[in-house]
Ligand code: B4P
């Protein structure tokens, strides 16, 4: 299986690039953010809990996310490979992902990390906020999402560098140029 983790700060282009990777390589795409937003829309128990965290720019507790991801994986057996978009976001989630994949006799193939300057991240998210109406795309929540990323998620960079799976990709510029760089990296896996 080809299992790609697409990694980066909020607004780095994970969702945008995942759509292109999914098309080109025929992979199954799991966006934990999209799953949570759909749970919120459907008014489920998980959605009600998640809404409080997301609107404040905080992470939803690890165990809820890990259980949610395991059930999505179980419901989609037999796929050629998976793009994990927005997961893992903490070391505990990364450890859980390794265990889940090992139990399914597979592993993370590579971590595609989109490297984007903070100013650009803020501009992209504010721009999307004007169009999408997402409750977390406003200045105050964007700032806490970036703090959460710097404190809780960025330690994963060293974690994946240590395992030799980290692939840094320059994430500034046009969507097509960035996708070209990602494709070159995936083709080598
Ligand atoms: P996500 O939905 O994952 O949101 P995100 O990190 O902001 O990334 P997103 O995919 O939306 O942005 P993208 O870079 O594609 O998470 C939302 C919330 O859910 C989290 O804050 C957290 O509360 C919760 N959550 C999710 N997963 C969790 C987990 N594992 N554990 C705990 N909690 C979790 O795109 C941003 C914008 O940039 C778009 O408008 C796009 O069009 C634009 N863009 C993309 N590429 C561009 C480019 N090259 N140039 C210009 N603009 C570009």
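Both numbers refer to the Cα atoms of region 79-189; Rg and Dmax are 15.6, 43 Å.
Give me the extension gain from residue 76 to residue 132: residue separation times 0.36 nm, minus the current Cα-Cα distance, reported in nm with one decimal.
17.3 nm
For the chain, the direction-averaged projected area of the alpha-carbon convex hull comes to 10.1 nm².
Using a cutoff of 8 angstrom between alpha carbon atoms and counting only pairs six or more residues apart, the relative contact order for region 2-187 works out to 33 percent.
Please work out how much length the chain gains when fully extended from residue 150 to residue 38, using 0.36 nm per residue of separation minus the C-alpha to C-alpha distance, in nm with one decimal.
Values: separation 112, 0.36 × 112 = 40.32 nm, distance 2.62 nm.
Length gained between residue 150 and residue 38: 37.7 nm.
Packing order of peptides 26-39, 59-72, highest average first: 26-39, 59-72 (average count of other Cβ atoms within 10 Å over each peptide's residues). For residue 120 and residue 24, what does the FRET efficiency come to when R0 = 22 Å and r is the distance between their Cβ atoms, rounded to the nearest 0.05? After rounding to 0.05, the efficiency reads 0.35.
Bear in mind these aren't lab numbers, they're just calculated from the coordinates by the rules spelled out. A quick note: this is a predicted structure, and the numbers were derived from the prediction, not measured. Note: ideal-geometry Cβ built from the backbone for every residue, glycine included; neighbour counts use all protein chains shown.
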